[in-house]
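Worksheet: one structure, shown below.
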């Protein structure tokens with residue numbers, strides 16, 4: 001039987017000039033789960049994410065993907081292995097159409113980043129796949145719309161589609177509902193749930209309502225360490241979690257300010 005954990009960290013530490021931002025983090029993300037990383041302002045969530053996606057190098061510890069040590073690998077290399085990150089701020093080309101954005105992602109994945117325009121069967125094949133991806137996030141009718149003209153929620157949907165174009169086995173989502181109104185949040189929740197079918201998701205998310213709806217397991221960070229883990233009910237009833245969030249509704253307000 002294969003290892004049930006797609007991603008694992010072992011005694012992960014990140015120090016900045018003596019300040020310990022991530023302190024002995026042992027994280028296990030189970031295959032097929034949507035796993036949330038939450039915590040109050042300054043807890044170390046973004047630093048952990050940056051370590052996992054190789055934008056930062058650990059001071060000590062290991063990062064394993066499907067049992068393989070990826071600690072020393074670069075971000076492009078782990079993306080080719082199937083670990084793909086979606087950023088907090090929409091990372092699409094504003095003056096290209098939605099379809100063109102997807103096509104660039106597909107070409108990058110296939111190793112043809114600079115072949116922006118192809119002809120014949122090759123181009124048609126890419127365009128067909130682009131339309132499949134756009135349809136999967138509800139953007140088929142906006143294929144030829146310039147990205148800058150899309151509403152914010154649709155831009156985030158497009159970013160998710162470009163992430164899916166990389167065919168990730170593990171998708172890391174950095175605050176997918178950041179800055180959204182309730183209607184867009186509900187739409188993105190459904191998109192993430194749909195995108196998670198057949199793959200594993202690790203997400204940082206401030207909206208605890210979103211976490212409660214989506215996530216199979218939650219890890220709570222506080223002062224760079226994992227405070228507790230469990231499903232939403234277990235985590236929300238833990239008095240230590242209530243304490244670090246300063247209680248009840250203050251959690252959402254504090255997280256929104258991060």
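The values are calculated or read from the model by the stated rules, or taken from the named source; none is laboratory data. Please read these numbers as outputs of a predicted model, since none were measured by experiment. FYI the Cβ positions are ideal-geometry reconstructions off the backbone, even for glycines, and counts take in every protein chain you see.
Only one of the numbered conditions (1) surrounded by 13 or more Cβ atoms within 10 Å (Cβ to Cβ); (2) within 26 Å of residue 207 (Cβ to Cβ); (3) modelled with pLDDT under 90 is violated by residue 181, and that is (1). Restricting attention to the stretch 3-45, the residues that are free of Cβ contacts under 8 Å to residues at least 60 places away in the same chain and more than 19 Å from residue 58 (Cα to Cα) add up to 2. With respect to being surrounded by fewer than 18 Cβ atoms within 10 Å (Cβ to Cβ) and touching a helix residue (DSSP H, G or I) at 6+ places or on another chain (Cβ under 9 Å), residue 55 fits the description.
Results for (1) outside any strand (DSSP E or B); (2) surrounded by fewer than 17 Cβ atoms within 10 Å (Cβ to Cβ), shown as yes or no for each residue.
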{"position": "3", "(1), (2)": "yes, yes"}
{"position": "11", "(1), (2)": "no, yes"}
{"position": "14", "(1), (2)": "no, no"}
{"position": "21", "(1), (2)": "no, no"}
{"position": "32", "(1), (2)": "yes, yes"}
{"position": "36", "(1), (2)": "no, no"}
{"position": "47", "(1), (2)": "yes, no"}
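Restricting attention to the stretch 121-148, which residues are more than 24 Å from the chain's Cα centre (by Cα) and either part of a helix (DSSP H, G or I) or surrounded by 13 or more Cβ atoms within 10 Å (Cβ to Cβ) (or both)? Result: 121, 122, 123, 124, 125, 126, 127, 128, 141, 145, 146.
Residue by residue, here is whether (1) at pLDDT 90 or above; (2) assigned by TED's automatic domain parsing to the domain that holds residue 61; (3) touching a helix residue (DSSP H, G or I) at 6+ places or on another chain (Cβ under 8 Å) holds:
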| position | (1), (2), (3) |
| --- | --- |
| 144 | yes, no, yes |
| 174 | no, yes, yes |
| 202 | yes, yes, yes |
| 221 | yes, yes, yes |
| 228 | yes, yes, yes |
| 247 | no, yes, no |
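Residues being modelled with pLDDT of 85 or more, part of a helix (DSSP H, G or I), within 21 Å of residue 170 (Cβ to Cβ) and touching a strand residue (DSSP E or B) at 6+ places or on another chain (Cβ under 8 Å) are entirely absent from the stretch 87-108. The requirement of being within 27 Å of residue 197 (Cα to Cα), in contact with a helix residue (DSSP H, G or I) (Cβ under 6 Å, 6 or more places away or on another chain) and either outside any loop (DSSP other than H, G, I, E, B) or in the same structural domain as residue 226 (by TED's automatic domain parsing) (or both) is fulfilled nowhere in the stretch 72-82; no residue meets it.
Counting only residues that are part of a loop (DSSP other than H, G, I, E, B) and within 20 Å of residue 108 (Cα to Cα), the stretch 149-184 holds 4 of them.
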